[in-house]
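> Got a structure here, written out as structure tokens. Questions coming.
Computed from the coordinates by the stated procedures, all read-outs in this text should not be read as laboratory data. All of these numbers come straight from a predicted model, not from anything done at the bench. For neighbour counting, all protein chains shown are included, and Cβ atoms are generated from backbone atoms with ideal geometry for every residue, glycine included.
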Amino acid sequence: MKKWNYAAAACLLPALLLGGCAEKLGLPVKDDRTDEQIVSDFLTAYQANDYESMKPYFDEDNLLHFYFQGQESGGEMGEVYKRVWELTKDFTFTAEAVEGKEAWGEVTVHLQTHEITSGVPDAMWSAIQAQVENGDDSFANLPDWLSASLETGAPIDEEITVYVSHRSDGDRIDSSACREFYEQLTGGFYDYIDMTMTTCTEEGSVYQIASQGDSIIGMLQTMRMQEAEGATEEEIQAYESQFGALDGVAAKVKPTDDGSMELRFGVDFNRASSTALANMGIISDRLNSSGGYLSLYSTVSSFEEGGMTCEMNDFGSGAASSEK
């Protein structure tokens, strides 16, 4: 007759699953803290930049994985993330379970902090204009203009409902249901965490595309214009002015060393009129929409089908590899 393995059997007893045997079997250990204690400890861990203590409560798709791992990676975006944390760590908060909703994990968080991202849109537009005018890498160097735009701004003093979901694999502070919480925790930076710059090239043309996740927000195209060779200064100025009259659009035509003309054309899609861009063939002919926004992945797929080569740069955040 087989002998029982009493050590293994003991680990299967429900009562002991709350302790060390559960850990040995790789099973979740029940968290005896209340939901408000979980949220309070989570916020305190953010103030201490303690990713390991926060990580068990993140869904896989939570952008704060990039935020904390990027600080450790030493990449250019890591330096941006460190600045964000320095600007947002000194908040105050209270966390209290919603009376009558304890079973649903509802916790009211009163968060007092500051937004830090109000300067980002202007910084990107300035970077686009500078690169169009000078032909440098002002826009392409995304971490530089992004970091330079971050500063303590308007105060945030709000109450937010945070939902602690209890799952078979552990407790979570849900990424979707608690998005406002994550946005305010980071002073509004949560939406910028997975920003990337994608460069697509073909003979005589280069596209540089700034995106938040799949959403394109800015683009700069540099291309050779054979048809502009021999154009007079007046003709060039007239060509540039037709674009300069449009908000969120910048253009520059410059002669090159080989005698041809180079067009640098930049668009801030948060400023420019989508109707005007569609009429110019910028949207749909070059960039593709998806779900009501300009889709990076749909656009890149279209570019590559047309023979272009595209490369996404996440500047060390890890966002690019997660989308491949």
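> Can you compute the charge dipole magnitude of region 78-177 about its Cα centre, using +1 on each Lys and Arg Cβ and -1 on each Asp and Glu Cβ, nothing else charged? Give it in debye, rounded to the nearest 20.
Result for region 78-177 is approximately 220 debye, rounded to the nearest 20.
> With θ set to phi - 60° and the Karplus curve 6.51 cos²θ - 1.76 cosθ + 1.60, what are the ³J(HN,Hα) couplings of region 245-250 in order, to the nearest whole Hz, using x for Gly and Pro?
After applying 6.51 cos²θ - 1.76 cosθ + 1.60, I find 6, 9, 5, x, 10, 9 Hz.
> Roughly how tilted is helix 76-88, in degrees to the nearest 10 and between 0 and 90, from the longest Cα axis of the chain?
60 degrees
> Any chance you could give the angle, 0 to 90 degrees and rounded to 10, that helix 64-73 forms with the longest Cα principal axis of the chain?
Orientation of helix 64-73: about 80 degrees from the principal axis.
> Quickly rank 149-160, 172-183 as a protection proxy: mean count of other C-beta atoms within 10 Å, highest first.
Highest to lowest by the protection proxy: 172-183, 149-160.
> Using the alpha carbons of region 105-250, what is the convex hull volume per residue in cubic angstrom, as a whole number?
143 Å³
> When ranked by the protection proxy of mean other Cβ atoms within 10 Å per residue, highest first, what sequence do the peptides 125-135, 56-66 form?
Taking the mean over residues of other Cβ atoms within 10 Å, the ranking is 125-135, 56-66.
> Let me spell out the model: positive unit charges on the Cβ of Lys and Arg, negative unit charges on the Cβ of Asp and Glu, origin at the Cα centre of region 146-206. What dipole size does that give, in debye rounded to 20?
Using Cβ point charges on Lys, Arg, Asp and Glu, region 146-206 gives about 180 debye.
> Sticking with this one: Loop-only trypsin sites (Lys or Arg not before Pro) in region 29-137, please: DSSP not H, G, I, E or B, and at most 15 other Cβ atoms within 10 Å. Walk me through the numbers on the way to the answer.
Values: sites: LYS30, ARG33, LYS82, ARG83, LYS89, LYS101; in loops: LYS30, ARG33, LYS89, LYS101.
For trypsin sites (Lys or Arg not before Pro) across region 29-137 that sit outside H, G, I, E and B with at most 15 neighbouring Cβ atoms in 10 Å, the list reads LYS30, ARG33, LYS89, LYS101.
> Still on this structure, please answer the following. Calculate for the chain the 222 nm mean residue ellipticity that helices alone would give, adding -39,500 (n - 2.57) per DSSP H run of length 4 or more and normalising by residue count, nearest 500 deg cm²/dmol.
It comes out at -9500 deg cm²/dmol, rounded to the nearest 500.
> Given the Cα-Cα distance of ALA103 and ASP32 and 0.36 nm per residue of separation, how much length would full extension add, in nm?
Details: separation 71, 0.36 × 71 = 25.56 nm, distance 1.40 nm.
Result for the pair: 24.2 nm of gain on full extension.
> Hey, got the dipole for the chain? About the Cα centre, +1 on K and R Cβ, -1 on D and E Cβ, debye to the nearest 20?
1300 debye
> Would you be so kind as to identify which of ILE193, VAL164, CYS178 lies farthest towards the positive end of the dipole of region 150-214, taking Lys and Arg as +1 and Asp and Glu as -1 on Cβ and the Cα centre as origin?
Projecting each Cα onto the dipole axis, the largest value belongs to VAL164.
> Right, something else. What whole-number distance in Å separates the alpha-carbon centres of region 254-324 and region 111-138?
So the separation of the two Cα centres works out to 18 Å.
> Find, to one decimal place in angstroms, the Kirkwood hydrodynamic radius of the chain, where the mean of 1/r is taken over every pair of different Cα atoms and then inverted.
By the Kirkwood definition, the hydrodynamic radius is 22.7 Å.
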